[in-house]
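The values are calculated or read from the model by the stated rules, or taken from the named source; none is laboratory data. In this text the structure is predicted, and so the values were computed from the model without any measurement. Positions of Cβ are generated from backbone atoms using ideal geometry, with glycine treated the same way; all protein chains shown enter the neighbour counts. Heavy atoms of the whole protein, side chains included, go into the accessibility calculation; ligands, DNA and RNA do not. Shrake-Rupley method; radii C 1.70, N 1.55, O 1.52, S 1.80 Å.
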Amino acid sequence: MTSTTTSPTTWTTADGALSLEPDAILSPLGRVTAAALAASTPHHPLRLSHTTPMLDALWATALDDVERNIVDCAGRRYFGAGTHWGARVYTRDIAFAGVLGCNRLWPELMFMSLDHTREVRWKVGFQVEQGYHDLAGFDHIPWQRVNCTSTEFMAQHHTNSYARRTDDVIWLWAAADLIRSSGGDRARWQWLRDWGD
């Protein structure tokens with residue numbers, strides 16, 4: 001697979017000019033060359049065409065960085081925060097990564113990642129750290145307050161509580177984008193509705 005890029009150019013930022021040259025990036029902070037970047041060999045086959053050494057290096061670095069955030073835990077593969085953090089689920093991070101490109105580059109892994117977040121969330125239920133979040137206006141929810149810090153909650157459940165709010169809304173956006181970009185499979189729409197309910 002290949003993708004075409006445009007020719008190098010210059011942007012003006014608040015701090016000065018940022019210039020992308022064929023083999024370097026120049027900024028007010030200095031110059032970085034393609035040769036100075038760590039050699040990256042991502043597994044994903046998509047490569048750029050009609051490009052420059054610097055764009056090739058940046059693209060390989062970006063793909064490699066994403067791949068380093070794939071976690072394999074208890075037979076489940078999903079996008080996490082990298083193996084350094086263990087079996088933690090960061091729903092918001094996964095969702096943004098999907099919308100920003102992973103839905104198109106790794107559609108099946110994104111589906112597995114979103115599905116994994118839902119299963120982990122289901123097991124946690126409505127447990128929430130005692131006194132950590134403002135729950136005003138959500139009195140109709142059967143909260144189960146547990147006496148622990150947010151760090152202890154994460155260590156026990158490998159995710160945050162529902163009271164984080166945006167974590168458990170944004171996954172809907174990522175899932176809808178994934179389904180649309182992969183052909184709108186009817187079974188996947190049903191999956192989204194079931195988990196949404």
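The distance linking the range 64-110 with the range 147-197 is 13 Å (Cα centroid to Cα centroid, whole angstrom). Once the chain from ASP72 to LEU26 is taken as fully extended at 0.36 nm per residue, the excess over their C-alpha distance is 12.8 nm. The alpha carbons of the range 116-194 stretch over 45, 28, 16 Å along the principal axes, in descending order.
For the chain, which longest stretch is free of loop sites, where a loop site is one of the trypsin sites (Lys or Arg not before Pro) that DSSP puts outside H, G, I, E and B and that has at most 15 other Cβ atoms within 10 Å?
Values: sites that count: ARG68, ARG165.
Within the chain, the longest run free of exposed trypsin sites (Lys or Arg not before Pro) spans 69-164.
With contacts taken as Cα pairs under 8 Å and at least 6 residues apart, the range 94-148 reaches a relative contact order of 28 percent. Stretched out straight at 0.36 nm per residue, the stretch from ASP64 to ALA187 would grow longer than its current Cα-Cα span by 41.2 nm. What FRET efficiency comes out for the pair VAL146/LEU37, r = Cβ-Cβ distance, R0 = 41 Å, nearest 0.05? Step by step, r from the Cβ atoms, then E = 0.35. Between the amide H of ALA24 and those of ALA34, MET54, distances stay under 5 Å, these residues lying 5 or more places away or on another chain, with hydrogens modeled in the peptide plane. Dipole magnitude for the range 116-197: computed about the Cα centre from +1 point charges on Lys and Arg Cβ and -1 point charges on Asp and Glu Cβ, it is near 240 debye. The H on the amide N of ILE70, modeled in the peptide plane, is under 5 Å from the matching H of GLY80, each at least 5 residues off or on a different chain. Taking the inverse of the mean 1/r over every pair of distinct Cα atoms in the chain gives a Kirkwood hydrodynamic radius of 19.4 Å.
Solvent-accessible area per residue in the chain equals 60 Å², computed with a 1.4 angstrom probe and all protein chains kept.
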